[in-house]
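First the structure, in the form of structure tokens, and then the observations on it.
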Amino acid sequence: MAERGGGGRMRAGAGVRESAPRRASDAARGADGPREYRVEELAVEAGITVRTLRFYRERKLLAPPRREGRIAWYDDRHLARLRTISALLERGHTLNGIAELAEAFEQGRGVADVLGVGAPTEEEPVRLTPEELADRFAGQVTPENLAAALELGYLGTDGDEIVHVSRRLLDVSSELVARGVPLAAVLAAGREVRVHAEALAALFEGLVRDHVPERDVTRLRPLARSAVEAEVSLALDRRLSSGGDRRGPL
């Protein structure tokens, strides 16, 4: 395959020199292997210029390509990242802000750390792209909010994907933001709820372990959830029926 120069003209002989390594690479991957792109091909797919692509690489917004001799090969993960950058720029994010988000994700906890390998759970994790996460929270996915979510264990990373630990928590938090509650306030409340939830879990665990066989502890966890949901519902009834005169944490 011939390669285009910076001015868009075909370089004579480029296809002859580079076709052999390309064939070797294709043979190694097989017909069903991941698609790979030269820098010019990737720029076309992403709808940007080669100069812009290289600028993103210099800003460390893009992971290094795979090298095969003098040829750099990019894959669909690079393409997805470029499309996410374009989408975030269209939504008003700056390159500095995007770089901070990318760094926070790369330094964030892995999904195995967040979920716990083999840990029993009733929650359904949700996989998101950075663009989908930004859409969920209407531009409030700032580096500060992202760091708070990572610290709380709401978010983890799995390669280029983001994993939220719980669909229910994700739906609740995004609905609160849609209703006008700032994401920072939602995360701060989540931190307080975590403290109380840990105490309630410890209380129920101690109660059950003192009176039932070990094998039944996990099977009885839905009872704890039902008890807490009922108590929170009753507490909300009391607070709302009093006209909101009560103060203090829920």
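In a fully extended conformation the segment linking Leu95 and Ala80 would gain 3.8 nm over its present Cα-Cα distance, using 0.36 nm per residue. Taking R0 as 45 Å, what's the FRET efficiency between Leu223 and Asp135 from their Cβ-Cβ distance, rounded to 0.05? For Leu223 and Asp135, the calculated efficiency is 0.75. Comparing Leu203, Val217, Leu169 along the charge dipole axis of the stretch 166-244, the residue lying farthest to the positive side is Leu169, per the Cβ-charge model. On full extension, the segment bounded by Glu103 and Ala230 gains 41.6 nm, given 0.36 nm per residue less the C-alpha separation.
We did not get these values from a lab; they are worked out from the coordinates using the rules stated. Since the model is a prediction, treat every value here as computed from it, not as a measurement. In this analysis, Cβ positions are derived from the backbone assuming ideal geometry, glycine residues included, and neighbour counts consider all displayed protein chains.
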